[in-house]
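Below is one structure; the comments refer to it alone.
The values are calculated or read from the model by the stated rules, or taken from the named source; none is laboratory data. Given the structure is predicted, the values throughout are model-derived calculations rather than measurements. Every residue, glycine among them, receives a Cβ derived from its backbone with ideal geometry; neighbour counts consider all protein chains shown. Ligands, DNA and RNA are stripped out before the accessible areas are found, and what is left, the full protein with its side chains, is counted by its heavy atoms. Shrake-Rupley method; radii C 1.70, N 1.55, O 1.52, S 1.80 Å.
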Amino acid sequence: MSPVTGSKELEKLKTLAGTWQGTTVMDGKEMPVTVTYKTSSNGSVVVETLFPDTPHEMVSVYYDVNGKLGMTHYCAMDNQPHLTLEDSTDSEIDLVFANGTNLDPKKDHYMHDVSFEFKDGNSFVQEWTSYENGKEDEVATFTFSRAQK
């Protein structure tokens, strides 16, 4: 089989394959963070593992639905929001909540959107926005540099 070629957004995410090191701020303190990306299922998905091998490990799977990027986030909060592409440019991808499993968006805490800002081939910024009780709760910003392919 030839590898699957996806939307331009999925193809951009495939370029992240490897390990990335970065920082984020939690509880007012800057802390190190690792994320890995792997292309799987004949190139039809990109698997992201945030905080690998820690109790806070989370997995997100990015895929195309009828040519449009989507993703499912398997959250440490025990829910699975499904996001779809809202907007993209050559240097940015924005996904927003469409629906989810094991959550009620009117009351539960969940990840509502995620954005990628690609600085160059070796660095990017990712922002996750969580919602609770139907409104924005907090934004977590991660700044990453490539550690290895």
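Below, the figures for the structure above:
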{"read-out": "Candidate set from region 79-106 (those that are assigned to a strand (DSSP E or B) and among the acidic types (Asp, Glu)); member that is least open to solvent (accessible area, probe 1.4 Å)", "value": "Asp94"}
{"read-out": "Single residue of region 126-138 satisfying the filter (in a strand (DSSP E or B) and either more than 18 Å from Ile93 (Cα to Cα) or touching a Phe, Trp or Tyr at 6+ places or on another chain (Cβ under 7 Å) (or both)) that is most open to solvent (accessible area, probe 1.4 Å)", "value": "Lys135"}
{"read-out": "Output for region 1-38, where each listed residue is open to solvent by 40 Å² or more (accessible area, probe 1.4 Å), more than 15 Å from the chain's Cα centre (by Cα) and not polar (S, T, N, Q)", "value": "Met1, Pro3, Val4, Lys8, Val25, Met26, Asp27, Gly28, Lys29, Glu30, Met31, Pro32"}
{"read-out": "Long-range neighbours under 7 Å by Cβ, at least six apart or interchain, first residue among the hydrophobic types (A, V, I, L, M, F, W, C) within region 67-80, second at pLDDT below 95 and surrounded by fewer than 19 Cβ atoms within 10 Å (Cβ to Cβ)", "value": "Ala76/His56"}
{"read-out": "Region 44-63 residues that are in contact (Cβ under 8 Å) with a residue 12 or more places away in the chain and on the phi > 0 side of the Ramachandran plot, paired with ones that are of a type in the set (A, V, I, L, M) and crowded, with 16+ Cβ neighbours inside 10 Å (beta carbon under 7 Å, 6 or more apart)", "value": "Phe51/Val33; Phe51/Met58"}
{"read-out": "Among (1) in contact (Cβ under 8 Å) with a residue 40 or more places away in the chain; (2) touching an Asp or Glu at 6+ places or on another chain (Cβ under 9 Å), the one test that Tyr37 misses", "value": "(1)"}
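Condition check ((1) over 22 Å from His109 (Cβ atoms); (2) modelled with pLDDT of 95 or more; (3) of a type in the set (Phe, Trp, Tyr)) across all residues:
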{"site": "Val33", "(1), (2), (3)": "no, yes, no"}
{"site": "Val59", "(1), (2), (3)": "no, yes, no"}
{"site": "Tyr74", "(1), (2), (3)": "no, yes, yes"}
{"site": "Glu92", "(1), (2), (3)": "yes, yes, no"}
